[in-house]
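The values are calculated or read from the model by the stated rules, or taken from the named source; none is laboratory data. All values reported here derive from a predicted model rather than from experimental measurement. Cβ placement follows ideal geometry from the backbone for every residue including glycine, while neighbour counts extend to all protein chains displayed. Please note that ligands, DNA and RNA were not included when accessible areas were found on the heavy atoms of the full protein model with its side chains. Shrake-Rupley method; radii C 1.70, N 1.55, O 1.52, S 1.80 Å.
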Amino acid sequence: MAELLARGTMWGVLLTLGAFALGSLLQKRTGWAWCNPLLLGSAFVILFLRLCGIACPEYQASAGPVSWLLLPATVSLAVPLYEQWEALRDNAAAILSGIAAGVAVSLGAILLLAWAFHLDRAAAASLLPKSVTTAIGADVSGELGGVPALATAVIILTGIFGNLAAQAVCRLFRITDPVAKGVGIGSAAHAIGTARALEMGPVEGAMSSLSIAVAGILTALLCPLAVNLLP
């Protein structure tokens, strides 16, 4: 099987899309929040590669076109933001303050973990950009001496957890304002969380989209400073 797939050039794309589609189908059929298509799709791909004895670099090379779509997909999140421009204008100060607080808490939590568990510099640098989109976080981690592959995995897991827990957290802390919901989700769980915010409402989705961009910029600027505080 591995030799047969090695001769193909697009099997990785088909596998990725098929695994995601299967995950989406299971989520719709079961209605369970933990049946996240990205989580299930990743598990299906890993299982397929292990069963077929296919090396991860071969899959990455074949699935490359899917990765190329990451940046355009992130930029397209500006559309719901444009549609909610009045909400952004009326709440600009609160939104920017909320995003800044979210970034500060995210970086501060990783610094505390690094100090508490005596993480080495490479591991800590890989964890610092956990709450920004992969397109930004992996590059930031690499520039700081971290491991981009580890950073990518942590970013994806953070997004999936945020996607699953967003509504429960809002209910637990009685967060009802749609702007506050969107800012919190986008600042903590980047694009994967924003998918949940878009399901919650147009204002939530727009604010979450804005939070991705602003949080990414702030994280890229503050991470070099945070690295200097590592043990």
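Remark: region 118-128, residue by residue, has Karplus-estimated 3J(HN,Hα) of 6, 5, 6, 4, 5, 5, 5, 5, 6, 8, 3 Hz, where x stands for each Gly or Pro and the curve is 6.51 cos²θ - 1.76 cosθ + 1.60 at θ = phi - 60°. Three principal axis extents of region 1-112 based on alpha-carbon atoms, in descending order, are 58, 38, 31 Å. Extension gain for residue 104-residue 221 works out to 41.0 nm (0.36 nm per residue, less the C-alpha to C-alpha distance). Taking all Cα pairs closer than 8 Å and separated by 6 or more residues, the relative contact order of region 122-231 comes to 27 percent. Here the accessible area is traced with a 1.4 Å probe on the protein chains. For the chain, carbon and sulfur cover 71 percent of it. Rolling a 1.4 Å probe across all protein chains gives residue 207 an accessible area of roughly 0 Å². Residues in region 142-231 average 46 Å² of solvent-accessible surface per residue, probe 1.4 Å, ligands and nucleic acids excluded.
For region 91-231, the percent of C-alpha pairs falling in each 10 Å distance bin, counted from 0 to the bin holding the largest distance, reads 14, 45, 31, 10, 0. Working from label points 7 Å from Cα in the Cα-to-Cβ sense, the residue 79 to residue 34 distance is 3.3 nm. Amide H contacts for residue 132 (H built 1.01 Å from N in the peptide plane; partners 5 or more residues away or on another chain; cut-off under 5 Å): none found. Working from label points 7 Å from Cα in the Cα-to-Cβ sense, the residue 24 to residue 93 distance is 4.2 nm. Protein-only accessible surface at a 1.4 angstrom probe places the residues 204, 58, 143, 199 in the order 143, 199, 58, 204, largest first.
Take every Cα pair under 8 Å whose residues are at least 6 apart in sequence, average their separation, divide by the length of the chain, and the relative contact order is 20 percent.
Phi-derived couplings, Karplus 6.51 cos²θ - 1.76 cosθ + 1.60 at θ = phi - 60°, listed residue by residue for region 217-230: 5, 5, 5, 4, 7, 8, 4, x, 5, 5, 4, 5, 8, 5 Hz, with x used for Gly and Pro. The distance between label points at residue 68 and residue 121 comes to 3.7 nm (points 7 Å beyond Cα on the Cα→Cβ vector). Per-residue extension of 0.36 nm, minus the Cα-Cα distance of residue 150 and residue 177, leaves a gain of 6.3 nm for this segment.
Scoring 113-119, 160-166 by mean Cβ neighbours within 10 Å over their residues and listing the highest first yields 160-166, 113-119.
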